[in-house]
Amino acid sequence: MIQIPQDMTEVKVKIAQLEELGHKSNEKQVVFDAIQDNAQAILDEQLEGHYDSCTLDNDKITIYETPEKPIGSVKSQGASFEEDFRKNANNMFIYLQQEISKVINQR
């Protein structure tokens, strides 16, 4: 089972897998979860553990040191991260790695 989709092909496979298990899902939500989960995975990898968290809000990912303390954010390259993911997920992830690194290194 695909845990975190890396592109639109994997999104479609994940939706089919979820439906096979009896779970309702839609493409927009699976894409949203994929972007947020991949951003969190990038953040965890760069910090070598789960120390900070991030949230996705359409065209911005905000990184938090604590739930009340944001340390920075990353804006999407296009109109939204969903659009960026659908257009070219690999390029979006490369961009996220670079930008999340900048946020982490500025503190």
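Observations on the model:
- Separation of the LYS60 and GLN46 label points, Cα + 7 Å toward Cβ, nm: 1.7 nm
- Radius, Kirkwood style, for segment 8-105 when every pair of distinct Cα atoms is counted (Å): 14.0 Å
- Cα gyration tensor shape of segment 19-61, rounded if a/c is under 1.5, else prolate or oblate by comparing a/b with b/c: oblate
- Candidate lysines - alpha carbon under 23 Å from LYS12, same-chain residues fewer than 8 apart omitted: LYS24, LYS28, LYS87
- Between GLU20 and ILE4, the contour length at 0.36 nm per residue exceeds the Cα-Cα span by 4.1 nm.
- Computed FRET value (nearest 0.05) for ALA79 with GLU27, which takes r as the C-beta separation and R₀ as 25 Å: 0.90
- Segment 92-107 - phi-based ³J(HN,Hα) in whole Hz, Karplus 6.51/-1.76/1.60, Gly and Pro as x: 5, 5, 4, 4, 4, 4, 5, 6, 5, 4, 4, 5, 4, 6, 7, 8
- On Cα atoms only, tilt of 27-47 relative to the major axis of the chain in degrees: 40 degrees
- Placed amide H near SER73: partners under 5 Å, 5+ positions off or other chain: ILE63
- 20 Å Cα-Cα reach of LYS102 towards aspartates and glutamates, excluding residues that sit fewer than 8 places from it in its own chain: ASP37, ASP44, GLU45, GLU48, ASP52, ASP57, ASP59, GLU65, ASP84
- Between ASP59 and PHE81, the built amide H atoms are under 5 Å apart, and every one of these is 5 or more places off in sequence or on another chain.
Each value in this text was obtained by applying a stated rule to the coordinates, not by laboratory testing. Quick caveat, the model's predicted, so the values are computed rather than measured. Quick reminder, even Gly has a Cβ in these numbers, built from the backbone with ideal geometry, and neighbours come from all protein chains shown.
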